[in-house]
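The values are calculated or read from the model by the stated rules, or taken from the named source; none is laboratory data. Source: prediction; values computed, not measured. With ideal geometry, Cβ positions are generated from the backbone for all residues, glycine too; neighbour counts draw on all protein chains shown.
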Amino acid sequence: MRIRILDTPEQIAKEAADIFAAEVKKKPDCVFGFATGATPVLLYTELADRCKSGDISFKDVTTFNLDEYCDLPVSDKNSYYTFMHENFFNKIDIKEENVHLPDGNAKDVEAHCKAYDEAIKNAGGLDIQLLGVGTNGHIGFNEPAKEFSKGTFKVELTESTIKSNSIYFDENQMPRSALTMGIDTIMSAEKIVFIATGENKADAVRKMLQGKVTPLVPASILQKHKDAVIFIDKAAASML
Ligand code: F6R
């Protein structure tokens with residue numbers, strides 16, 4: 001792991017954007033794994049600005065998102081499909097057919113999850129996977145568990161995640177389950193760019209970087225990745 005502690009989320013967005021920009025310049029048809037949530041918004045804005053100015057293009061890029069809520073129409077304002085389009089895809093020159101998110105409304109969940117992992121493989125695998133972290137140490141929606149998960153699967157969300165994310169939903173409207181890439185899918189990425197900002201992530205960051213590797217802190221698996229760049233701001237690094 002390469003750990004970069006920077007003063008502000010804005011600085012992290014610029015450095016992380018440099019990594020994605022360098023990859024797409026080197027390999028215009030690269031495959032990116034993306035994340036949702038508050039953390040990556042600055043990075044998406046930075047990348048969209050660079051695309052607008054002509055510095056980089058996503059026209060041959062393929063993307064796979066980490067996760068999506070179950071039983072929420074894609075048109076819902078809180079679906080990750082909507083999030084990604086509003087915050088990023090609608091602002092860049094990516095082709096819609098190259099954009100992939102798990103289908104939280106799939107009828108045959110198992111077949112869909114298998115097909116999602118196959119599609120990642122068939123696209124050549126993930127060149128860079130972007131990650132954030134939950135206050136409970138989750139990555140994607142891999143919640144603390146007895147074992148590390150493997151491929152994409154359906155997960156029941158924990159109370160802690162429901163509490164964190166229900167601020168976006170009307171009362172009791174937050175879905176209780178989601179589809180997420182599994183730990184093996186995430187770890188198969190050639191490179192991982194991880195971002196954590198803010199004091200509320202400090203405990204998860206401490207456990208992930210300084211604790212032992214355990215499925216009870218899913219992000220701790222990144223200690224074993226061959227090329228993970230860990231960006232944390234001063235606030236998230238405050239318990240190290
Ligand atoms: C969402 C995802 C999650 C988030 C995490 C942090 O696609 O992968 O693991 O990264 O819940 O969310 P924020 O950034 O909102 O604190």
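Sort out which residues of segment 57-81 are under 19 Å from residue 30 (Cα atoms) and either crowded, with 22+ Cβ neighbours inside 10 Å or hydroxyl-bearing (Ser, Thr, Tyr) (or both), and write them in order of number.
Once the filter is applied, which keeps residues that are under 19 Å from residue 30 (Cα atoms) and either crowded, with 22+ Cβ neighbours inside 10 Å or hydroxyl-bearing (Ser, Thr, Tyr) (or both), segment 57-81 yields 57, 58, 61, 62, 63, 64, 65, 66.
Please give the number of the condition residue 200 fails out of (1) free of Cβ contacts under 8 Å to residues at least 40 places away in the same chain; (2) surrounded by fewer than 16 Cβ atoms within 10 Å (Cβ to Cβ).
It is condition (1) that residue 200 fails.
Residue 25 versus (1) away from the ligand (no atom under 14 Å from the Cβ); (2) part of a loop (DSSP other than H, G, I, E, B); (3) not hydrophobic (A, V, I, L, M, F, W, C): which is the lone unmet condition?
Of everything listed in (1) away from the ligand (no atom under 14 Å from the Cβ); (2) part of a loop (DSSP other than H, G, I, E, B); (3) not hydrophobic (A, V, I, L, M, F, W, C), residue 25 misses just condition (2).
Only one residue in 137, 125, 54 is in contact with a Lys or Arg (Cβ under 7 Å, 6 or more places away or on another chain), on the phi > 0 side of the Ramachandran plot and either away from the ligand (no atom under 16 Å from the Cβ) or not hydrophobic (A, V, I, L, M, F, W, C) (or both). Which one?
Matching residue, one of 137, 125, 54: 137.
For residue 84, work out the one condition from (1) out of contact with any helix residue (DSSP H, G or I) (no Cβ under 8 Å at 6 or more places or on another chain); (2) of a type outside the set (Phe, Trp, Tyr); (3) away from the ligand (no atom under 12 Å from the Cβ) it doesn't fulfil.
(3)
Exactly one condition in (1) closer than 18 Å to residue 72 by Cα; (2) crowded, with 20+ Cβ neighbours inside 10 Å; (3) among the hydrophobic types (A, V, I, L, M, F, W, C); (4) away from the ligand (no atom under 11 Å from the Cβ) is false for residue 174; which is it?
Looking at each condition in turn, residue 174 falls short on (2).
From the list 150, 146, 95, which residue is surrounded by fewer than 18 Cβ atoms within 10 Å (Cβ to Cβ) and in contact with an Asp or Glu (Cβ under 6 Å, 6 or more places away or on another chain)?
Answer to the check: 150.
Given (1) free of Cβ contacts under 8 Å to residues at least 40 places away in the same chain; (2) closer than 17 Å to residue 126 by Cβ, identify the lone condition not met by residue 66.
Failed condition: (1).
Looking at segment 37-45, can you tell me whether even one residue there is free of Cβ contacts under 8 Å to residues at least 24 places away in the same chain, in a loop (DSSP other than H, G, I, E, B) and either buried (at least 20 other Cβ atoms within 10 Å of the Cβ) or more than 16 Å from the ligand (Cβ to nearest atom) (or both)?
No, segment 37-45 contains no residue that is free of Cβ contacts under 8 Å to residues at least 24 places away in the same chain, in a loop (DSSP other than H, G, I, E, B) and either buried (at least 20 other Cβ atoms within 10 Å of the Cβ) or more than 16 Å from the ligand (Cβ to nearest atom) (or both).
Restricting to helices (runs of 4 or more DSSP H) lying wholly in segment 123-240: which have 3 or more residues that are out of contact with any helix residue (DSSP H, G or I) (no Cβ under 7 Å at 6 or more places or on another chain) and modelled with pLDDT under 95?
159-165
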